[in-house]
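Read through the structure below, which is laid out as structure tokens, and then see the notes.
The values are calculated or read from the model by the stated rules, or taken from the named source; none is laboratory data. Source: prediction; values computed, not measured. As a convention, Cβ positions derive from the backbone with ideal geometry for all residues, glycine included, and neighbour counts pool all protein chains shown. These area figures cover heavy atoms from the full protein model, side chains too; ligands, DNA and RNA do not enter into them. Shrake-Rupley method; radii C 1.70, N 1.55, O 1.52, S 1.80 Å.
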Amino acid sequence: MPNVVIVGAQWGDEGKGKIIDLLSEKADAVVRYQGGNNAGHTVVIDGKKHILHLVPSGILHKGKLCVIGNGVVIDPAALIAEIDELLTQGIAVDANFKISDLAHVILPYHRAIDGANEGKRGSGKIDTTQRGIGPAYGDKFGRMGIKMADLADAERLEKRVSQSLEEKNFLFSKYYALPELKSHDIVPMYLEYGRRLKPYLTDTVSLVNQLLDEKKKVLFEGAQGTFLDVDFGTYPFVTASHPTAGGACTGTGVGPTRIENILGIVKAYTTRVGAGPLPTEGKDGGADLRARGKEFGATTGRPRRCGWFDAVLVKRARVINHFEHMALTKLDVLTGIAELPICTGYKINGENIPTLPSALEDIERLETVYETLPGWNEDISSMKKLEQLPKNTRRYLDRIEELVGAKIAIVSLGEDRSQTMILNSLL
Ligand code: GDP
Ligand code: IMO
Ligand code: MG
């Protein structure tokens, strides 16, 4: 297996966790490269559900090295809670787990600002996960962030937090009407987090590059999805990082030529959780698909909005990430639907639009063009070979490949590890 970046090709929740867990078996290491605990990656093993937010989804395989790269923003309290939960379940989180000391930290004021900004935006709110992700990345790029390495030194941390609070407290009192924070509300607690997480901290840039030097197999675990990317997504209804394949390089310190393959994770229909345009959204937010696919957020429990497969969108994701292979997930959810529309084009005022437009207002007024394929009724959830799939299911897969311009390497037919067809030995 080559080194592979696993990237969400839609708006997140495509089933990345399941696929990463599956591929981890053949990998040596799994590295998260962006996002934070806004992610919720579900892995189901023998009927038991595990939801991972920060810890890479390879952790459930014994002996796999799991790494949080520099591009991730870490809420230390959330990470410690997640580690503790895994330990309680008897899953090892020790020498098999490493955290970049360059990764930026989410502080209490980031969470407070995330919530307050949503309030200020009113009906135009983004519907963030309120985990402080946007404000933490904002401070990172504004050159006033705090890194994991800073949690090791009381004086350094006090200096940085105090500097940051000068600005934050001004905003809290004058703009957000929030109570001001004192550095002693934060510093002792974060020093304690630092002590707890110290054994895991390391120079992950050297570590991951060394693994690649030794020809070890590394999976780069993307969170969120292509259309939540801060550049390529439906801005401003996006997250604050680069979930796209390029983010794997900047988020780990690995040069682009070391990445050997990209796998796009594609849901057999479309979902999005939170506000923002969803061109193929169904009636009542796609309530029928939501019920069939049990589409509720793994992090916040919010109902996901659902719609038909959007081939224009996934083709755009294929281009941005340059994936030649896809894992198509949740195909089983479509069983029993008589007709399956696929969005094959966009129009504005009757004029064809070749891809997702750049301006939000244009995305919002897109008319979607569909072709309709016949559905199937057979239970496909335990089928093991492509040849077993009903003719109409095969036709649906073939048409998706054709429209997107990439090959389906994995078909996922249920939440369990075992409910998967691996079609391409490359992976
Ligand atoms: P991620 O964020 O991309 O890892 O995806 P989530 O875990 O947030 O959401 C995917 C949901 O679909 C989870 O509840 C998975 O257990 C479930 N799932 C994944 N693959 C399949 C599949 O092929 N069929 C069905 N029915 N469920 C799946
Ligand atoms: P995984 O990795 C789906 C969405 C939020 C909101 C927007 C911005 O499980 O696929 P943020 O808190 O990041 O500032 O919120 O992004 N969002 C996700 N949607 N899956 C995710 O992660 C998401 N992470 C963030 O709902 O619309
Ligand atoms: Mg998710």
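Within the chain, DSSP assigns beta bridges of which about 40% are antiparallel (rounded to the nearest 5). The count of lysine pairs in region 104-199 whose Cα atoms are under 27 Å apart, excluding pairs fewer than 8 places apart on the same chain, comes to 23. Counting only GluC sites (Glu not before Pro) that DSSP places in a loop and that have at most 12 other Cβ atoms within 10 Å, the longest clean stretch of the chain runs over 215-427.
Taking 23 Å as the straight-line reach from the Cα of K385, the lysines in range (excluding those fewer than 8 positions away in the same chain) are K16, K18, K26, K267, K330, K407. Carbon-plus-sulfur accessible fraction, region 23-85 (probe radius 1.4 Å, protein heavy atoms only): 46%. Contact order, relative form, for the chain: 20 percent (alpha carbon pairs under 8 Å, 6 or more residues apart, mean separation divided by residue count). Summing charges over all other residues whose Cβ lies under 9 Å from the Cβ of E281, with Lys and Arg as +1 and Asp and Glu as -1, gives +3.
Each residue of region 276-291 was assigned a 3J(HN,Hα) from its phi angle through the Karplus expression (A = 6.51, B = -1.76, C = 1.60, θ = phi - 60°), giving x, x, 9, x, 9, 3, x, 4, 6, x, x, 4, 5, 5, 4, 5 Hz with x at Gly and Pro. Between E281 and any residue 5 or more places off or on another chain, the built amide H atoms are never under 5 Å apart. The phi-based Karplus calculation (6.51 cos²θ - 1.76 cosθ + 1.60; θ = phi - 60°) puts the 3J(HN,Hα) values of region 255-270 at x, x, 6, 7, 7, 9, 7, 10, 10, x, 8, 10, 7, 5, 9, 10 Hz, whole numbers, x for Gly and Pro.
Could you give the accessible area per residue of region 104-199, probe 1.4 Å, as a whole number in Å²?
53 Å²
Taking only Cα atoms and a 10 Å spring cutoff, compute GNM fluctuations for the chain and point out the largest among K168, K26, K120. Checking each option, the largest mean-square fluctuation is seen for K120. Ligands, DNA and RNA left out, the 1.4 Å accessible surface of region 104-199 is 53% carbon and sulfur atoms. Enclosing the Cα atoms of the chain in their convex hull gives a volume equal to 135 cubic angstrom per residue. A cut-off of 5 Å between modelled amide H atoms, ignoring neighbours fewer than 5 places along the same chain, links L201 with I99. In the assembled protein chains, K49 presents an accessible area of approximately 120 Å² (probe radius 1.4 Å). Distances between placed amide hydrogens fall under 5 Å for Q34 paired with A223, all partners being 5 or more residues away or on another chain. Once Rg and the Kirkwood radius are both taken over the C-alpha atoms of region 104-199, their ratio Rg/Rh works out to 0.99.
Each residue of region 161-171 was assigned a 3J(HN,Hα) from its phi angle through the Karplus curve 6.51 cos²θ - 1.76 cosθ + 1.60 (θ = phi - 60°); the sequence is 5, 4, 4, 5, 5, 4, 6, 4, 5, 4, 5 Hz, with glycine and proline shown as x.
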